[in-house]
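This report refers to the structure that appears directly beneath it.
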Amino acid sequence: MSPVKKPLRPRRYWKATRSPSMKTLLIAAMVAIITFAPAIATADDEDDVIAAMQDYISGWNTGDAAKVAEHLTSDATAFAQGTGLAMGAFNQANLQNGMDNGGIWNLSFRDMKVQVYGDTAIFTAYEVGNIRFPNGNGSQGPWRYTAVLVKQGGVWKQAHRHTSPLRTGAPGQ
């Protein structure tokens, strides 16, 4: 008589994960995911930065200083065209007063580029259009525009911005 064979039992996957080396590998992978996932930039971040910058410039074009302000951090800094010094703190009331008294902005961004590094982004573009100030003076683009944005509460805001005239060497520049 031949010996009785035990029926084959299917190998269970969970037993394979109980080995010390597999446990260590899984724990290390989970720690890495948890640690680095928040810093991984997604394509959505780039789109969100561009959307924020488009909304920001629409505030200038529609005469809405509150919309401009909502896209700036409370301690935002700036270098603007025509001055070598940093601008003072953003003054929403002064801007709205200028907008209400004849200031007109007709601006758009071209060739926008975004680099995202976790909760920080760098936005570069050419700003084109023209500005008429309440005193009748004006300014004509194009300008180079650079902004450093930070993500606060899930919202991209400018912490620093810089505009300067773009000089191409064409007559009149």
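The values are calculated or read from the model by the stated rules, or taken from the named source; none is laboratory data. All values derive from a computational prediction rather than experimental measurement. In this analysis, Cβ positions are derived from the backbone assuming ideal geometry, glycine residues included, and neighbour counts consider all displayed protein chains.
Give the residue that is nearest to Q140 (Cα to Cα), with candidates limited to residues of the range 98-121 that are aliphatic (A, V, I, L, M) and either in contact with a Lys or Arg (Cβ under 8 Å, 6 or more places away or on another chain) or free of Cβ contacts under 8 Å to residues at least 24 places away in the same chain (or both). Walk me through how you get there before you give the answer.
From the range 98-121, those aliphatic (A, V, I, L, M) are 99, 104, 107, 112, 114, 116, 121; that's our starting set.
Adding the requirement that they be either in contact with a Lys or Arg (Cβ under 8 Å, 6 or more places away or on another chain) or free of Cβ contacts under 8 Å to residues at least 24 places away in the same chain (or both) leaves 104, 121.
Numbers: I104: 12, A121: 27 Å.
By that ranking, first place goes to I104.
Residues that are acidic (D, E), assigned by TED's automatic domain parsing to the domain that holds D47 and surrounded by 15 or more Cβ atoms within 10 Å (Cβ to Cβ): does the range 120-134 have at least one? The answer is yes, given that some residue of the range 120-134 is acidic (D, E), assigned by TED's automatic domain parsing to the domain that holds D47 and surrounded by 15 or more Cβ atoms within 10 Å (Cβ to Cβ). Does the range 87-97 include one or more residues that are in contact (Cβ under 8 Å) with a residue 12 or more places away in the chain and touching a strand residue (DSSP E or B) at 6+ places or on another chain (Cβ under 6 Å)? Yes, that holds for at least one residue. The single residue among A52, A65 that is hydrophobic (A, V, I, L, M, F, W, C), out of contact with any Cys (no Cβ under 9 Å at 6 or more places or on another chain), modelled with pLDDT of 95 or more and over 18 Å from N94 (Cβ atoms) turns out to be A52. Just to be sure, is G88 surrounded by 14 or more Cβ atoms within 10 Å (Cβ to Cβ) and either modelled with pLDDT under 95 or β-branched (V, I, T) (or both)? So G88 fails the test. Of everything in the range 98-109 that is of a type outside the set (A, V, I, L, M) and either out of contact with any Pro (no Cβ under 8 Å at 6 or more places or on another chain) or not assigned by TED's automatic domain parsing to the domain that holds A51 (or both), the residue that is surrounded by the most Cβ atoms within 10 Å (Cβ to Cβ) is W105.
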